[in-house]
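Notes to accompany the following structure.
The values are calculated or read from the model by the stated rules, or taken from the named source; none is laboratory data. These figures come from a predicted structure and were not determined experimentally. So basically every Cβ, Gly included, is an ideal-geometry build from the backbone, and we count neighbours across all protein chains shown. Surface areas here come from the heavy atoms of the whole protein model, side chains and all, with no ligands, DNA or RNA. Shrake-Rupley method; radii C 1.70, N 1.55, O 1.52, S 1.80 Å.
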Amino acid sequence: MNFVTGKHLSRRAMLRGAGVAVALPFLDAMHPAFAGRVKTVHRVAVVYVPNGIIMNQWTPAETGKDYAFTRILKPLEPFRDDVTIITGLANNAASKAQGGGHAKASGSFLSSVPPKYTAGADVHAGTTFDQVAAKTWASETRVASLQLGCEDARMVGNCDTGSSCAYTNSLSWKDPDSPLAVDVNPRSVFERLFGNVDPSLSPEVRARRALYRRNMLDLTRDSAKKLELDLGPADRRKMDEYLTSVHEVEQRMTAVERDTRPPSIDKPAGIPFVFTEYVKLMFDLQAIAFQSDLTRVSTMMIGREGSVRTYPEIDVPDPHHPLTHHRGHPDFIEKVTKINCLHAQLFARFVEKLKSMPEGDGTVLDHSALLYGAALSDGNAHSNVNLPLILAGQLGGADRIGGKHIKLEQSTPVANLFVSMLDGAGIPVEHFGDSTGPLDLRG
C-alpha cells in the first residue's frame with residue numbers, strides 16, 4: 001500500500017508521515033487505475049442497542065411504502081428512502097438457550113446459535129455473520145473489522161444469572177470459542193486505523209502511547225500537498241472535506257484527553273464525559289474508516305446488554321435496565337421511550353454522515369448495509385420475537401431497497417436477514433445459523 005505518484009491513483013494509495021499512514025477516500029483519479037472497471041466496495045455494520053424497545057412506540061401501524069414514522073423512528077424520517085423497517089423476525093436460538101435472558105439474547109444475536117450456559121472461561125456460541133464478511137475481505141483492508149462499544153468491556157465473570165460477561169458485553173465472535181472484545185476508547189480506535197501501532201498491545205497501552213503523537217495530519221501535510229497537484233477540482237474538494245473530517249475527530253479526542261476531570265472506572269481516560277458526544281465520536285470513526293476503506297465491517301454496542309447507564313441529559317436519572325422491567329408503569333415506560341428515542345437520533349446522525357460522503361456513482365451509504373436494533377423486543381418480558389430491526393443503506397446489486405415497512409411471518413429466523421446481507425455484499429452462503437432462506441427485501 002505505497003503512495004502512488006502521477007495522475008492515476010491506486011485505491012490503496014495512502015498519505016504517509018512519521019509513524020502514520022492515512023488512507024484516502026474514493027477519488028475520481030482512481031478510476032483510470034481500474035482501466036474503466038470501477039469496483040465499488042460494500043460494507044456491513046451492526047449498531048446494537050440494549051434492553052429491548054417500547055414496541056408500540058417503535059412499530060409503524062401501516063406496512064408497505066405509505067407508513068407513518070413512529071415516535072422512536074421519527075429521527076430517521078428524512079432518510080425514508082434509505083431505510084427498511086423489518087418486523088416479524090425472531091432470534092429463535094435465544095429461546096432454545098439456557099441462562100440469563102439478556103446474555104442468551106445478545107450472545108446468540110449475530111450467530112443464531114444458542115450460547116453455552118456458563119460463567120467460566122469455557123464460553124461457546126457461534127461465528128457471527130459479520131465475521132464471515134470480515135474473513136472474506138480481510139486481505140483487502142488494513143483492519144479486518146471493528147468492534148466498538150460505549151460501555152463496560154469486561155469479558156470474564158458472571159454478568160447475568162450465571163451467564164458469562166462475554167455474552168452480554170460483546171457481539172462479534174471470530175469462531176465459536178472466540179468472542180471479540182469491544183474497544184471503548186476512541187483514541188485507541190483512531191490509532192488502530194491510522195497509527196503505526198503494534199496491534200498486539202492492549203487498548204490502554206496504545207492509548208497511552210498515542211498521547212505523544214498528536215495531530216497526525218500535520219505529519220502527512222507535505223504528502224497531501226504533493227498529491228493535490230495531480231487532482232482535479234472535485235477530488236481536491238473531496239480530499240479537503242475528508243482530511244478536515246479526520247482532523248476534527250482527532251481534535252475532539254485531544255480535547256477529551258485534556259479534560260482535567262479525573263477518570264473513573266466507568267469512564268477511563270480518553271473517553272468523553274458526555275454520552276452523546278462519546279457515541280458521535282465512535283460513529284464518526286466508523287464513518288471515516290468506511291470512507292477510506294480501512295475496514296468494511298463494524299459492530300457497535302451503544303450499550304452492553306443489561307446496561308444500567310443513566311441518562312440525566314434527557315431527564316432520565318434512573319438506570320436503564322431496571323426501567324425496562326416496568327410492569328406497565330407509565331412513568332417507567334416513558335423514560336425507556338426517551339432512551340430509545342435518543343439512541344435512534346444518534347443512529348440517524350450516523351446515517352446522515354454516510355449519506356453526505358460521495359463515492360463513485362452514489363454515496364458511502366449507498367454502498368453499505370447498516371443493521372440497527374436489538375436482540376430483545378419487549379425488555380420487560382425478555383422477548384426474542386418480533387425484533388426491532390432497521391436496515392439502512394443498500395444490500396448491493398442493481399435493485400435498491402428502502403422506503404418500506406416489511407412485515408414478515410411471525411418467528412421468521414433473523415438468520416435469514418444475515419443471509420440476505422451477506423448475499424448482497426457479494427458473499428453468498430447457502431445456510432447460516434438456523435436460517436431457512438434469504439429474505440425478499442426488494443419487492
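Going through the range 60-74 one residue at a time, which ones are surrounded by fewer than 20 Cβ atoms within 10 Å (Cβ to Cβ) and under 22 Å from Ala369 (Cβ atoms)?
Pro60, Thr63, Gly64, Lys65, Tyr67, Phe69
Quick check on the range 372-424: of everything there that is β-branched (Val, Ile, Thr) and part of a strand (DSSP E or B), which residue is nearest to Gly328 (Cα to Cα)?
Checking each candidate, the answer is Ile390.
Condition test on Lys353, is it among the basic types (Lys, Arg) and touching a strand residue (DSSP E or B) at 6+ places or on another chain (Cβ under 6 Å)?
For Lys353, the condition - among the basic types (Lys, Arg) and touching a strand residue (DSSP E or B) at 6+ places or on another chain (Cβ under 6 Å) - is not met.
(1) without any contact (Cβ under 8 Å) to a residue 40 or more places away in the chain; (2) in a loop (DSSP other than H, G, I, E, B): which one isn't true of Glu305, the others all being true?
(1)
Pull up the range 305-329, narrow it to residues that are of a type in the set (A, V, I, L, M, F, W, C) and surrounded by fewer than 18 Cβ atoms within 10 Å (Cβ to Cβ), then point me to the one that is nearest to Phe190 (Cα to Cα).
Per the stated criteria, the residue is Val308.
Out of the range 358-371, which residues are in a loop (DSSP other than H, G, I, E, B) and at pLDDT below 95?
Gly360, Asp361
Looking at (1) under 22 Å from the mean Cα position of the chain (by Cα); (2) modelled with pLDDT of 95 or more; (3) within 24 Å of Ser164 (Cβ to Cβ), find the lone condition where Pro319 falls short.
So Pro319 meets the others, but not (1).
Show the residue pairs meeting these rules: Cβ distance below 8 Å; 6+ apart or different chains; first residue within the range 268-282 and open to solvent by 30 Å² or more (accessible area, probe 1.4 Å); second residue at pLDDT 90 or above and assigned to a helix (DSSP H, G or I).
Hits for this filter: Val274/Glu313; Lys280/Leu346; Lys280/Arg349.
Please find, among Asp434, Asp423, Asp361, the residue that is closer than 25 Å to Ser298 by Cβ and without any contact (Cβ under 8 Å) to a residue 40 or more places away in the chain.
The match here is Asp423.
Look through Leu376, Leu365, Leu387 and report the one residue that is within 20 Å of the chain's Cα centre (by Cα), more than 29 Å from Ala103 (Cβ to Cβ) and buried (at least 24 other Cβ atoms within 10 Å of the Cβ).
Result: Leu365 is the single residue among Leu376, Leu365, Leu387 that is within 20 Å of the chain's Cα centre (by Cα), more than 29 Å from Ala103 (Cβ to Cβ) and buried (at least 24 other Cβ atoms within 10 Å of the Cβ).
For the range 404-412, indicate whether the set of residues that are out of contact with any Phe, Trp or Tyr (no Cβ under 7 Å at 6 or more places or on another chain), of a type in the set (Ser, Thr, Tyr) and closer than 25 Å to Asn56 by Cβ is non-empty.
The answer is yes; a qualifying residue exists.
Do we find a residue being farther than 30 Å from His367 by Cβ and either of a type in the set (Asp, Glu) or open to solvent by 10 Å² or more (accessible area, probe 1.4 Å) (or both) anywhere in the range 284-304?
No, that holds for no residue.
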